[in-house]
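Trainee: For reference, the structure I am asking about is given below.
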Amino acid sequence: MSILPPSRGKILFGLGIAYLLVQFLYVSYYNETRRLDNLIATTTQEYFPSTNPVPITRLNLSGIQTMFYNNVQTKETKDKNLLTPCPQTPLALNGTVRLLVPSQETLEEVAQELSWLRFLEGGRQMPLDCQAKYKIAIIVPYRNRLANLCSFLLNMHPFLTKQQLDYTIFIIEQFDDGLFNRAMLMNVGFTEALKLHDFDCFFFHDVDLIPENDRNIYSCPDQPRHMSVAIDKFNYRLPYVDLFGGVIGMSRKHFQLVNGFSNMFWGWGGEDDDMASRVKAHDLNITRYHPDVARYHMLTHAQQKANPKRYEKLYSGRKRFKTDGLNNLEYRVKALKQLPLFTYLLVDLTSRRS
């Protein structure tokens, strides 16, 4: 019977302890991941094919399109050289927002309820009595969420107008009935928006999130900003430190620097964490307002199943930062309409499905 030397026995004992520790950490990480998946899953867009995919362009838009000509700004604005700069924090902001509920979940009804606003073409709003510092694009990926969209528009237009911003809301709808690609739609929105206006910064915004504090200002950030820090569904707590989804703001320069979002996340999950990795890899910082300010209400929507392949894409993401994003974006625009409340794009992503 051979006896191991004391030094070798200690080494094997240490390796055994290390193995058990690794196993424990793996199981703990797996369980925590499952817990977070269950917690965050309801913030998703479609994973399964939608049961009733009715693109906005196929709805009856005659009422809202006619209203465009009645609602468009007709008063001549003052010479921009004579306007003073808008204040960084408008005096009218008081830290509260009243949640508005549409009386009917139709775009025409929402347009009627917002008839007191004076829109430019494509739903663009800008202050008439001061000069906004930046041009801002709000990019909203969309499919089959008409009720959420109506509530979103009814609340966001008064909210952003009160902040004296020069902004345009873009609704980017996926045409086909396959897996939803939220990140790719946001890349499309960024690309197409710049063809219409020279925007300074972009806010990528889920359609089911409504801000609750008007001091949560949608101004162009110096560093990438996570806006939706405290959501009511999560008891106004950040689910995990590196979360960078829901609503985020980035300058045009920074979004181009990180090559936009990955185009490879079909189905729910992973694209926000991949963007957080891109931001850090380019020596940028994720900034946030205080949770008392960055509060959001989440609108009701069906819970969706997470994409089981998201971690596979996420773990290999760093290798693709330079080749997967804005610079390999492929899509076809099926429709582009500049409506009174927003600019609408219907896009086909099927050529890139994998």
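Trainee: Taking the condition of being free of Cβ contacts under 8 Å to residues at least 60 places away in the same chain, in contact with a strand residue (DSSP E or B) (Cβ under 8 Å, 6 or more places away or on another chain) and surrounded by fewer than 19 Cβ atoms within 10 Å (Cβ to Cβ), how many residues in segment 128-150 meet it?
Mentor: 2
Trainee: While we're looking at this one, here's another question. Of the residues that make up segment 155-167, is at least one open to solvent by less than 20 Å² (accessible area, probe 1.4 Å), under 26 Å from Ser277 (Cα atoms) and not in a helix (DSSP H, G or I)?
Mentor: No.
Trainee: Another question about this same structure. Do we find a residue being closer than 29 Å to Gly270 by Cβ and in contact with a Gly (Cβ under 8 Å, 6 or more places away or on another chain) anywhere in segment 140-151?
Mentor: Looking through segment 140-151, at least one residue is closer than 29 Å to Gly270 by Cβ and in contact with a Gly (Cβ under 8 Å, 6 or more places away or on another chain).
Trainee: Looking at segment 83-110, which of its residues are open to solvent by less than 60 Å² (accessible area, probe 1.4 Å) and either under 23 Å from the mean Cα position of the chain (by Cα) or at positive phi (or both)?
Mentor: Gly95, Val97, Leu100, Pro102, Thr106, Leu107, Val110 - these are the residues of segment 83-110 that are open to solvent by less than 60 Å² (accessible area, probe 1.4 Å) and either under 23 Å from the mean Cα position of the chain (by Cα) or at positive phi (or both).
Trainee: Separate question: Testing Ala137 on (1) aliphatic (A, V, I, L, M); (2) over 26 Å from the mean Cα position of the chain (by Cα); (3) at pLDDT 95 or above, one condition comes back false. Which one is that?
Mentor: Exception for Ala137: condition (2).
Trainee: From the list Asp242, Asp273, Asp214, exactly one residue is in contact (Cβ under 8 Å) with a residue 24 or more places away in the chain, within 24 Å of Gln131 (Cα to Cα) and among the acidic types (Asp, Glu). Which is it? Don't jump to the end; show me each part of the working.
Mentor: On the way: Asp242 fails: within 24 Å of Gln131 (Cα to Cα); Asp273 fails: within 24 Å of Gln131 (Cα to Cα).
Unique residue meeting the criteria: Asp214.
Trainee: May I pose another question? Could you tell me which of the residues Leu257, Leu314 is hydrophobic (A, V, I, L, M, F, W, C) and either at pLDDT below 95 or open to solvent by less than 80 Å² (accessible area, probe 1.4 Å) (or both)?
Mentor: Leu314
Trainee: Also, I was wondering about something else. Kindly provide the set of residues from segment 241-250 that are open to solvent by less than 30 Å² (accessible area, probe 1.4 Å) and in contact with a helix residue (DSSP H, G or I) (Cβ under 9 Å, 6 or more places away or on another chain), ordered by number.
Mentor: Hits for segment 241-250 are Leu243, Phe244, Gly245, Gly246, Ile248, Met250.
Trainee: Then there is this: Are any residues in segment 96-113 closer than 14 Å to Pro158 by Cα and in contact (Cβ under 8 Å) with a residue 40 or more places away in the chain, and if so, which ones?
Mentor: Within segment 96-113, the first condition is being closer than 14 Å to Pro158 by Cα, and the residues that meet it are 96-102, 110-113.
If the condition is that a residue be closer than 14 Å to Pro158 by Cα and in contact (Cβ under 8 Å) with a residue 40 or more places away in the chain, then Thr96, Val97, Leu99, Leu100, Val101, Pro102, Val110, Ala111, Gln112, Glu113 are the ones that fit.
Trainee: Could you grab me the full set of residues in segment 111-127 that are part of a loop (DSSP other than H, G, I, E, B) and open to solvent by 80 Å² or more (accessible area, probe 1.4 Å)?
Mentor: Result: Trp116, Arg118.
Trainee: Assess whether Asp177 counts as being assigned to a helix (DSSP H, G or I) and modelled with pLDDT under 95.
Mentor: The answer is no for Asp177.
Trainee: Can you tell me which of (1) under 19 Å from Gln125 (Cβ atoms); (2) touching an Asp or Glu at 6+ places or on another chain (Cβ under 7 Å); (3) among the acidic types (Asp, Glu) is the one Asp176 doesn't meet?
Mentor: (1)
Trainee: Condition first: buried (at least 16 other Cβ atoms within 10 Å of the Cβ), touching a Phe, Trp or Tyr at 6+ places or on another chain (Cβ under 6 Å), assigned to a strand (DSSP E or B) and of a type in the set (D, E, K, R). Can you find one or more residues in segment 331-346 that meet it?
Mentor: There is at least one residue in segment 331-346 that is buried (at least 16 other Cβ atoms within 10 Å of the Cβ), touching a Phe, Trp or Tyr at 6+ places or on another chain (Cβ under 6 Å), assigned to a strand (DSSP E or B) and of a type in the set (D, E, K, R).
Trainee: Is it the case that Ala294 is under 20 Å from the mean Cα position of the chain (by Cα), of a type in the set (A, V, I, L, M, F, W, C), modelled with pLDDT of 95 or more and surrounded by 16 or more Cβ atoms within 10 Å (Cβ to Cβ)?
Mentor: Taking the combined requirement at face value, the residue satisfies it.
Trainee: Would a scan of segment 282-294 turn up a residue that is of a type in the set (Val, Ile, Thr) and under 21 Å from Ile169 (Cβ atoms)?
Mentor: No - not one qualifying residue is present in segment 282-294.
Trainee: Let me ask you something else. When residues of segment 260-285 are filtered for being hydrophobic (A, V, I, L, M, F, W, C), closer than 10 Å to Gly325 by Cβ and open to solvent by less than 10 Å² (accessible area, probe 1.4 Å), how many remain? If you could, list the steps in order and put the result at the bottom.
Mentor: Here is the first cut: in segment 260-285, the residues hydrophobic (A, V, I, L, M, F, W, C) are 261, 264-266, 268, 275-276, 279, 281, 284.
In the following step, the residues that additionally are closer than 10 Å to Gly325 by Cβ were identified as 261, 264, 275.
Next, from what is left, pick out any that are open to solvent by less than 10 Å² (accessible area, probe 1.4 Å): 261, 275.
The number of residues fulfilling the criteria is 2.
The values are calculated or read from the model by the stated rules, or taken from the named source; none is laboratory data. All of these numbers come straight from a predicted model, not from anything done at the bench. Note that we place each Cβ from the backbone using ideal geometry, even for glycine, and neighbour counts take in every protein chain shown. All accessible areas refer to the heavy atoms of the entire protein, side chains included, with ligands and DNA or RNA removed. Shrake-Rupley method; radii C 1.70, N 1.55, O 1.52, S 1.80 Å.
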